[in-house]
Amino acid sequence: MDYQGPQAADLADVYSLNAAFLACFRAPGTAAGLLLRRTSPALTERFAALHARQLARLARTPFLLLSFREYDDEYWDRLFQRDISHDLLAPLQQPSDDVAQITAAGMGFLWQLSKRNPYTARLVSGATLYWCERVAARTLMELLIRVIPCNHLLEPRLADNTNFWSKLLGAGVNPEREVRVAARLCALQTMLTQSPAARYRRLAAAACNMPMPALRVADKSVRSRGGKEL
């Protein structure tokens with residue numbers, strides 16, 4: 001298996017998906033309501049209290065803040081067993097709501113990453129190798145037809161883990177870069193050790209090394225544009 005870590009382009013996609021997810025989470029309407037039902041009131045209040053600068057910092061967490069229930073094998077078994085032979089002959093109908101758009105973009109990202117570099121796919125999503133292999137075995141069209149209509153697929157990552165989100169919503173949005181890096185490292189390790197992927201020891205060990213280089217790559221790109229780090 002290829003153990004190459006995330007590239008700058010992979011992290012750019014992660015940051016973009018995180019930003020879209022956070023915007024959807026805070027926006028009024030049906031899309032936000034679907035996500036809020038999966039989130040504790042305390043976590044919802046913490047999100048609401050973040051200002052724009054903090055949200056921008058949070059979006060730059062080097063793993064996906066959104067989850068596609070990669071931990072739930074039974075859910076995905078049912079999803080892949082559904083007969084979609086007739087759907088494949090019809091044009092893809094994508095709902096206009098933000099949840100469907102983020103689902104399509106996020107699953108498309110993890111699909112291509114699972115084909116190209118499953119190790120990185122597991123690092124940024126906490127997924128098992130088994131999940132990555134099953135997703136990669138489908139065509140992109142089949143995968144999107146299966147997942148886009150699902151209203152209960154997208155959710156905040158580890159939504160019921162208070163300590164995980166307390167780190168990200170506290171120290172993880174701190175103005176000091178070193179504080180943010182430490183919080184993200186801790187949160188990443190929590191994700192990899194509390195998900196089914198924890199049984200793959202290489203992933204848990206990678207939590208000690210991945211974020212710092214990843215953040216340096218992002219920082220260089222920001223400085224090259226003459227901007228300031230978030």
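The values are calculated or read from the model by the stated rules, or taken from the named source; none is laboratory data. Only a predicted model underlies this, so the values are computations on that prediction, with no experimental measurement involved. Don't worry about glycine lacking a Cβ; one is built from the backbone with ideal geometry, like all the others, and counts go over all protein chains shown.
Can you work out which of the residues in segment 117-172 that are hydroxyl-bearing (Ser, Thr, Tyr) and either more than 25 Å from residue 58 (Cβ to Cβ) or touching an Asp or Glu at 6+ places or on another chain (Cβ under 7 Å) (or both) is surrounded by the most Cβ atoms within 10 Å (Cβ to Cβ)? Among those that are hydroxyl-bearing (Ser, Thr, Tyr) and either more than 25 Å from residue 58 (Cβ to Cβ) or touching an Asp or Glu at 6+ places or on another chain (Cβ under 7 Å) (or both), it is 125. Checked against the criterion of being at pLDDT 80 or above, under 30 Å from residue 142 (Cβ atoms) and crowded, with 18+ Cβ neighbours inside 10 Å, the candidates 72, 13 yield just one match: 13.
All told, residue 99 falls short of being of a type in the set (A, V, I, L, M), surrounded by 21 or more Cβ atoms within 10 Å (Cβ to Cβ) and modelled with pLDDT of 90 or more.
Of the residues making up segment 153-175, those that are farther than 16 Å from residue 105 by Cα and in a loop (DSSP other than H, G, I, E, B) are 157, 158, 159, 160, 161, 170, 174, 175. Annotation note: of 198, 214, 187, the sole residue that is in a helix (DSSP H, G or I), modelled with pLDDT under 90 and surrounded by 21 or more Cβ atoms within 10 Å (Cβ to Cβ) is 214. Of all residues in segment 102-116, those being buried (at least 22 other Cβ atoms within 10 Å of the Cβ), at pLDDT below 95 and out of contact with any Cys (no Cβ under 9 Å at 6 or more places or on another chain) number 0. Residues in segment 144-159 that are within 16 Å of the chain's Cα centre (by Cα) and polar (S, T, N, Q): none.
Which of the residues spanning segment 101-116 are out of contact with any helix residue (DSSP H, G or I) (no Cβ under 7 Å at 6 or more places or on another chain) and over 22 Å from residue 19 (Cβ atoms)? Before the answer, list the steps.
Our first condition is that a residue be out of contact with any helix residue (DSSP H, G or I) (no Cβ under 7 Å at 6 or more places or on another chain); within segment 101-116, this holds for 101, 112, 116.
Scanning segment 101-116 gives a single hit, 116.
Out of the residues in segment 29-54 that are over 27 Å from residue 147 (Cα atoms) and of a type in the set (A, V, I, L, M, F, W, C), state the one that is modelled with the highest pLDDT. Residue satisfying both the conditions and the ranking: 52.
Would you pick out the residues in segment 40-64 that are outside any helix (DSSP H, G or I), out of contact with any Pro (no Cβ under 7 Å at 6 or more places or on another chain) and surrounded by 11 or more Cβ atoms within 10 Å (Cβ to Cβ)? Even if it seems obvious, please write down each step before you answer.
From segment 40-64, those outside any helix (DSSP H, G or I) are 40, 50-51, 60-64; that's our starting set.
The next check asks that each one be out of contact with any Pro (no Cβ under 7 Å at 6 or more places or on another chain); those that pass are 40, 50-51, 60-61, 63-64.
Within segment 40-64, 40, 50, 60, 61, 63, 64 qualify.
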